[in-house]
Amino acid sequence: DIKELIVAWDPAVTDKKKNQEGREPDADGIIAMSRCVDEFYYMLKDYTLKGSRSAIVRQVIKAYDRSGADFLVIEKNQGGDWLKQAIHNEDKTIRIKMVQAVVSKSKRATPVQALMEEDQIKHVGIHAELEYEMCTWVEGVSKDSPNRLDAYVHCCNKLIKKRKIQVF
């Protein structure tokens, strides 16, 4: 049984340098994850998409509705309040929690890495593109932003904060 299910959205940034180099812009990372009564975390679905802002907003709402999410987490570093407003213009019932990324990507991922090493996170199905980002992205070296991975980390960190840990 699911205790909590959330969707996280890591918005992509339009990168003029990438456009000048002829490279495609990054995708918006959109991930659905849950924490269940067995206290494991489950990666459920990757809804990541490259597209127009309106297409991305529709995709985020689709992810929220189809997964039956309890709330939506949005990283506000790249867009701020307009992201929340864009969602609520389409559906005012969506519960949203904004997060500000203030430490490096690798530091944000440290608690998630620890859970993975303890085999506390399970992937339901195959998530090849996410797993590729997880295995190949190197902070300060990789050119492309790991938006799937960022959304994954935001999901995990929100679910971890909700977990009640017993101290013996």
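Kindly provide the set of residues from the stretch 49-87 that are surrounded by 17 or more Cβ atoms within 10 Å (Cβ to Cβ), of a type in the set (D, E, K, R) and in contact with a Phe, Trp or Tyr (Cβ under 9 Å, 6 or more places away or on another chain), ordered by number.
Across the stretch 49-87, the qualifying residue is only 75.
Looking at the stretch 88-99 only, could you name the residues that are open to solvent by less than 100 Å² (accessible area, probe 1.4 Å) and assigned to a loop (DSSP other than H, G, I, E, B)?
Within the stretch 88-99, 91, 94 qualify.
Does the stretch 135-149 contain at least one residue that is modelled with pLDDT of 95 or more and of a type outside the set (Lys, Arg)?
Checking the stretch 135-149: not a single residue is modelled with pLDDT of 95 or more and of a type outside the set (Lys, Arg).
For the stretch 94-136, give me each residue that is farther than 27 Å from residue 2 by Cα, touching a residue at least 24 places away in the same chain (Cβ under 8 Å) and not small (Gly, Ala, Ser).
105
Considering each residue of the stretch 40-85, count those that are more than 15 Å from residue 124 (Cβ to Cβ) and in a strand (DSSP E or B), and give that number.
Qualifying residue count for the region: 6.
Of the residues that sit in the stretch 1-39 and are at pLDDT 85 or above and small (Gly, Ala, Ser), which one is nearest to residue 147 (Cα to Cα)? Talk me through it step by step, then tell me what you get.
Of the stretch 1-39, the ones at pLDDT 85 or above are 1-12, 27-39.
Subset that is small (Gly, Ala, Ser): 8, 12, 27, 29, 32, 34.
Values: 8: 10, 12: 7, 27: 7, 29: 4, 32: 13, 34: 19 Å.
Taking the candidates together, the pick is 29.
Answer yes if at least one residue in the stretch 124-141 is of a type in the set (S, T, N, Q), open to solvent by 80 Å² or more (accessible area, probe 1.4 Å) and not in a loop (DSSP other than H, G, I, E, B), and no otherwise.
Looking for residues that are of a type in the set (S, T, N, Q), open to solvent by 80 Å² or more (accessible area, probe 1.4 Å) and not in a loop (DSSP other than H, G, I, E, B), one finds none in the stretch 124-141, hence no.
Within the stretch 32-63, can you find the residues that are closer than 24 Å to residue 82 by Cβ and touching a Ser or Thr at 6+ places or on another chain (Cβ under 9 Å)?
Matches in the stretch 32-63: 32, 47, 59.
Residue by residue through the stretch 96-117, note down the ones that are among the aliphatic types (A, V, I, L, M) and over 15 Å from the mean Cα position of the chain (by Cα).
102, 103, 114, 115, 116
When residues of the stretch 110-123 are filtered for being open to solvent by less than 30 Å² (accessible area, probe 1.4 Å) and in a helix (DSSP H, G or I), how many remain? Write out each step before concluding.
We begin by selecting, within the stretch 110-123, every residue open to solvent by less than 30 Å² (accessible area, probe 1.4 Å); these are 112, 115, 121.
From the residues that got through so far, the ones that are in a helix (DSSP H, G or I) too are 112, 115.
Number of matching residues: 2.
The values are calculated or read from the model by the stated rules, or taken from the named source; none is laboratory data. As the structure is a computational prediction, the values presented were derived from the model and not from experiment. Note: ideal-geometry Cβ built from the backbone for every residue, glycine included; neighbour counts use all protein chains shown. All accessible areas refer to the heavy atoms of the entire protein, side chains included, with ligands and DNA or RNA removed. Shrake-Rupley method; radii C 1.70, N 1.55, O 1.52, S 1.80 Å.
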